[in-house]
Amino acid sequence: MTLRERLAAGELLILDGAMGTEIQKMEIREEDWGGHHGCNEFLNISAPHLIAEVHRLYYAAGSDIVETNTFGASEYVLAEYGLADRVREINSAAARLARSVADGFSDGKLRYVAGSIGPGTRLASLGQIDHDTVYAAYRPQLEGLAEGGVDIFMVETCQDPLHFKTVIEAAHDVIGETGRDIMILLSVTIETTGTMLVGSDIGAVISVASAMGVDILGINCATGPDLMAPYISEICQTFPGYVMVMPNAGMPQNIGGKMVYSLPPEEFGQRVARYVSENGVQIAGGCCGTSPAYIAALHAATRGVAPARRARVRTWSLASLYSAQGMLQEPRPLMIGERANTNGSRRFKELLTSENWDGILEVIADQETGGSHALDLCVAYTGRNEVRDMTLAIAQAVTRTRLPLVIDTTSVEVMEASLKLYGGRPLVNSVNLESGEAHAERVCRLAKRHGAALVALTIDEIEGMAKTAGKKLEVARRIHGIAVDRVGLAPQDLVFDVLTFTLGSGDQDSRNAGIETLEGIRQVKAALPGVWTVLGLSNISFGLAPQPRKILNSVFLAEAVAAGLDMAIVHAASILPMAAIADEDREAALALIYNRHENALFDFIKRFEDRTGGTEAASESSASLPVEKRLEQAVLRGNRAGLDLMLDEARTSRDALSIINEILIPAMKIVGELFGSGKMQLPFVLQSAETMRAAVDLLQPWIEKKDASKPCSMVLATVRG
Ligand code: THG
């Protein structure tokens, strides 16, 4: 049986323990180092009997799989020992050596070999090494291991997602070229900080690993088994493949300049066995400080223990370098900040032409606090070098924002350069059929190769932007065929944008633009199961004044979400929750969207002509309301204008505390209920909270100070996600 078949059958397989510490225990003669003192990997060819003995001890202790002695056998690591030209030879020899030890047993037990591939010495996400250098350095290592007959590529002790993405990319290439069935195992190291060295949390790791086609995901090194519990649990719940764990023999302690690991073998074995029986881990072994005695203890502790059954379902997500963001937001939509776009913002364009990178990063970061879930980034500008501008922007943005990027470009070169810099799982915006199927296929392959999700626009080579719902679906089906059937992307990797023309032009031809777009969303969601939908929301209202634009965008967004829209490219601050729009304004917008009568556009524009910019809808009618009601509306709408005057007025009839307790807090409660029922999106909730805070600040001087000598405890809880 192959390793793949045994994992599919739900079996547990035992890995080996540490190699480095076993080598340190041996007497290695100077001539064995062959002038490369300290290069453990050289021993594979200079003193193979020593390494073979370590493998034999582990197999004898109960390992089903041993790791080759090739942790540091990539090109730029071996180059430090002057061995850059012997990468393939060393890896191939190491794999054959482990294979021959496995074959030397005559007990009939099946034994496997994992090719160990370490993290190297430089961090790609921090710019210490680039994608192409990593790729080139690991290619010959992977080729050598494949040639020597490994069953698994074990990309382990990873510190940086951009690094492991690149190695896995090379691994898929080598598997494709050799035609061998080699499983891909990714094992990351989660530090005591709770993240990888560069700051990525386990959610980001799972998102990227799933997208990169990893068969087995695990954790090794850094800590003993105990501290791995939350990460193992999360991987077991949300990673669709198999799970591995390989802890140290307890937390490393520095005693007199030596690393000491103090967890006894039996305790180690029992703790790891619980990950098998309780969480469903299927591959287990040991990292630093573990020896054949630990593997024997693990083997004994897991005898007769069946791995818990797991659901093995994937949670679809995007990810930044640091954390993941579910593609399904509840309530919908996932909001993509639109401001960092040279085509959509004059300010951003000016920041780019003056190369004000701090300003650019500020535009990006501002949207993060404004409630966006992801960030569109477009730096296309005629006369400038887009590859250069995009790589400069992404290289800086990558480490400075927690939100996933949406790479907005039509250039394949820009996409590729961006993807080579990005350690997360981005959304590429976009592919279409304007330049034919071959071009679209190239973009799809690029997304697949780098584990990205992809926006697909309904534009074809003959008619351009599809205008009717039927045509939108027809183009979507063609792109779906290329992406899913030809290239192997999942339907959930695709985000269809059925596009819309503006309703603000009065153009006879585009009067049904809103209807066709909403119907297009409905048809795409119904006909292509699993795919997502997105809209550049502002397109619907181009040409209108800011105030009516805001109303139309907001009402159209609500209609689109009802039709099945999953994501929207928006300026969160420029849309309103339905609760903040007067019924008559909403009706006028709906008449325009659904083309209910000849004068819909005229009526809609006229409604807003007399209203001064910046004030909220229906403000004229609210002036006559009692101050309590006006304060409530200010909180509901997140509108701070005139707050000080309203509070002064309210204080003439009640004290400051009663304003807070009887007006402001009940208003926030309504906000909470609207959010809970999906009628108000997070950015608005934040604006309401800001208004509440501003009001409390203004009331502060009038709040009586009471003696607060009695101490009390406060518990703050944070809801995950
Ligand atoms: N679909 C997809 N991607 C897209 C779009 C889309 N990317 C670009 C664009 N459309 C979405 N981004 C914006 C950004 C800004 C504006 C509209 C869409 C915008 N800008 C104001 C204006 O033009 O009036 C403000 C200008 C300024 O500040 O200078 O409305 O549809 N997949």
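At R0 = 22 Å, how high is the FRET efficiency between ASP507 and ASP603 if r is their beta carbon distance? Nearest 0.05 is fine. Numbers along the way, then the final one.
Values: r = 17 Å, r/R0 = 0.77.
Efficiency at R0 = 22 Å is approximately 0.85.
I need to check one value: relative contact order of the range 519-664, counting alpha carbon pairs closer than 8 Å and at least 6 residues apart, in percent.
20
Normalised by the number of residues in the chain, what is the relative contact order in percent for Cα pairs under 8 Å and 6+ residues apart?
Once divided by the residue count of the chain, the mean separation gives 8 percent.
Probe radius 1.4 Å, ligands and nucleic acids ignored: give me the carbon and sulfur share of the accessible area of the chain as a rounded percent.
Using a 1.4 Å probe with all protein chains present, the chain comes out at 52 percent carbon and sulfur.
So, in nm, how far is label VAL696 from label LYS679 when the simple model puts each one 7 Å beyond its Cα toward the Cβ?
Taking the two extended label points, one gets 2.5 nm.
Working from Cα positions, state the angle (0 to 90°, nearest 10) between the long axis of helix 48-61 and the longest principal axis of the chain.
Roughly 70 degrees, rounded to the nearest 10.
Quick one: if you stick a label point 7 Å off each Cα along the C-beta vector at ASP107 and ARG314, how many nm between them?
Each label point lies 7 Å from its Cα, and together they span 3.9 nm.
For the range 263-272, in order, what is each residue's ³J(HN,Hα) by Karplus, 6.51 cos²θ - 1.76 cosθ + 1.60 with θ = phi - 60°, in whole Hz (x at glycine and Pro)?
Working through the residues one at a time gives 6, x, x, 5, 5, 4, x, 5, 5, 5 Hz.
Give the separation of the Cα centroids, the range 363-417 to the range 576-594, in Å.
33
Leaving out ligands and nucleic acids, note down the accessible area per residue over the range 121-241 with a 1.4 angstrom probe, in whole Å².
Averaged over the residues of the range 121-241, the accessible area is 27 Å².
Place the peptides 664-672, 382-390 in order of packing, highest mean first, counting for every residue the other Cβ atoms within 10 Å and averaging per peptide.
Most protected by this proxy first, the peptides run 664-672, 382-390.
How much mean residue ellipticity at 222 nm does the chain get from its helices, if each DSSP H run of length 4 or more adds -39500 (n - 2.57) and you divide by all residues, to the nearest 500 deg cm²/dmol?
The helix-only estimate for the chain comes to -13000 deg cm²/dmol at 222 nm.
So how much slack lies between LYS349 and ALA395, counting 0.36 nm per residue of separation and subtracting their Cα-Cα distance, in nm? Each step should come with its number before you reach the end.
Working: separation 46, 0.36 × 46 = 16.56 nm, distance 1.86 nm.
Working it through step by step, the gained length comes to 14.7 nm.
Let me make sure I get this right: for the range 248-333, a, b and c are the square roots of the gyration tensor eigenvalues over alpha carbons, sorted descending. Under 1.5 in a/c it's rounded, otherwise prolate if a/b > b/c, else oblate. Which is it?
It is oblate, given that a/c is not under 1.5 and a/b is not larger than b/c.
Can you bin the range 360-442 into rounded, prolate or oblate? Criterion: square roots of the alpha carbon gyration tensor eigenvalues sorted a ≥ b ≥ c, rounded for a/c under 1.5, prolate for a/b above b/c, oblate for the rest.
The shape class here is prolate.
Multiply the residue separation of ALA641 and ARG402 by 0.36 nm, subtract the distance between their alpha-carbon atoms, and state the gained length in nm to one decimal. Can you show the working numbers first?
On the way: separation 239, 0.36 × 239 = 86.04 nm, distance 3.11 nm.
Here the answer is 82.9 nm.
Sort out for me the Cα centre separation of the range 149-165 from the range 501-544, rounded to whole Å.
Each part's Cα centre sits 43 Å from the other's.
Using 7 Å Cα-to-Cβ label points, what is the THR718/ASN595 separation (nm, one decimal)?
Using points 7 Å along Cα→Cβ, the separation is 4.9 nm.
Tell me the angle of helix 437-450 to the major Cα principal axis of the chain, expressed in degrees between 0 and 90 and rounded to the nearest ten.
Between the helix axis and the principal axis of the chain, the angle is about 60 degrees.
Just need the relative contact order of the range 254-395 here, percent rounded to a whole number, with Cα pairs under 8 Å and 6+ apart.
Relative contact order here is 17 percent.
Tally Lys and Arg at +1 and Asp and Glu at -1 over the other residues with C-beta under 15 Å from the C-beta of GLY82: what net charge comes out? Don't skip to the answer; put the middle values down first.
Details: positive: ARG86; negative: GLU41, GLU75, GLU80, ASP85, GLU89.
Local charge sum for GLY82: -4.
Would you mind pulling out the separation of the Cα centroids of the range 208-281 and the range 633-699, in Å?
A separation of 48 Å, based on Cα centres.
Helix 357-369 versus the longest principal axis of the chain: what angle, 0 to 90°, nearest 10, using Cα atoms?
Helix 357-369 and the main axis of the chain meet at about 80 degrees.
Quick check on packing: order 230-243, 494-507, 346-359 by the mean number of other C-beta atoms within 10 Å, highest mean leading.
On the way: 230-243: 20.6, 494-507: 22.3, 346-359: 14.0.
Packing proxy ranking, top to bottom: 494-507, 230-243, 346-359.
Counting only heavy atoms of the protein chains, get the accessible area per residue of the range 525-658 (1.4 Å probe) and round it to a whole Å² value.
Numbers: 5780 Å² over 134 residues.
For the range 525-658, the solvent-accessible area averages 43 Å² per residue.
Which net charge results for the neighbourhood of VAL208, defined as the other residues with beta-carbon distances under 9 angstrom from its beta-carbon, given Lys and Arg at +1 and Asp and Glu at -1?
Numbers: positive: LYS165, ARG425; negative: none.
Net charge around VAL208: +2.
With a ≥ b ≥ c the root eigenvalues of the C-alpha gyration tensor of the range 291-361, is it rounded (a/c under 1.5), prolate (a/b larger than b/c) or oblate?
oblate
If I take R0 = 35 Å and measure r between the Cβ atoms of ARG478 and ASP583 in this structure, what FRET efficiency does the formula 1/(1 + (r/R0)^6) give, to the nearest 0.05?
Once the sixth-power term is evaluated, E becomes 0.25.
List the residues, sorted by chain then number, that are 5 or more residues from SER187 or on another chain and whose placed amide H is less than 5 Å from its amide H.
Long-range HN contacts for SER187: VAL155, GLU156, THR157, CYS158, GLY218.
Out of the DSSP beta bridges found with both residues in the chain, what percent are antiparallel (nearest 5)? Numbers along the way, then the final one.
On the way: 10 of 61 bridges.
Of all bridge pairs located within the chain, approximately 15 percent are antiparallel.
Students often get this wrong, so check it: of LYS629/LYS705; LYS629/LYS706; LYS550/LYS629; LYS420/LYS448; LYS669/LYS710; LYS471/LYS525, which have C-alpha atoms separated by over 18 Å?
Where the Cα-Cα span goes over 18 Å, the pairs concerned are LYS629/LYS705; LYS629/LYS706; LYS550/LYS629; LYS669/LYS710.
Give the calculated FRET efficiency between ALA84 and ILE515 to the nearest 0.05, with a Förster radius of 45 Å applied to their Cβ-Cβ distance.
With a Förster radius of 45 Å, E is 0.10.
In a shell of Cβ-Cβ distance under 12 Å around THR353, excluding THR353 itself, what net charge do Lys and Arg (+1) and Asp and Glu (-1) give?
+1
The values are calculated or read from the model by the stated rules, or taken from the named source; none is laboratory data. Keep in mind it's a predicted model, so treat the numbers as computed, not measured. When we count neighbours, we look across all protein chains shown, and the Cβ atoms used for this are built from the backbone with ideal geometry, even at glycine. The area values use the complete protein model at the heavy-atom level, side chains included, leaving out ligands, DNA and RNA. Shrake-Rupley method; radii C 1.70, N 1.55, O 1.52, S 1.80 Å.
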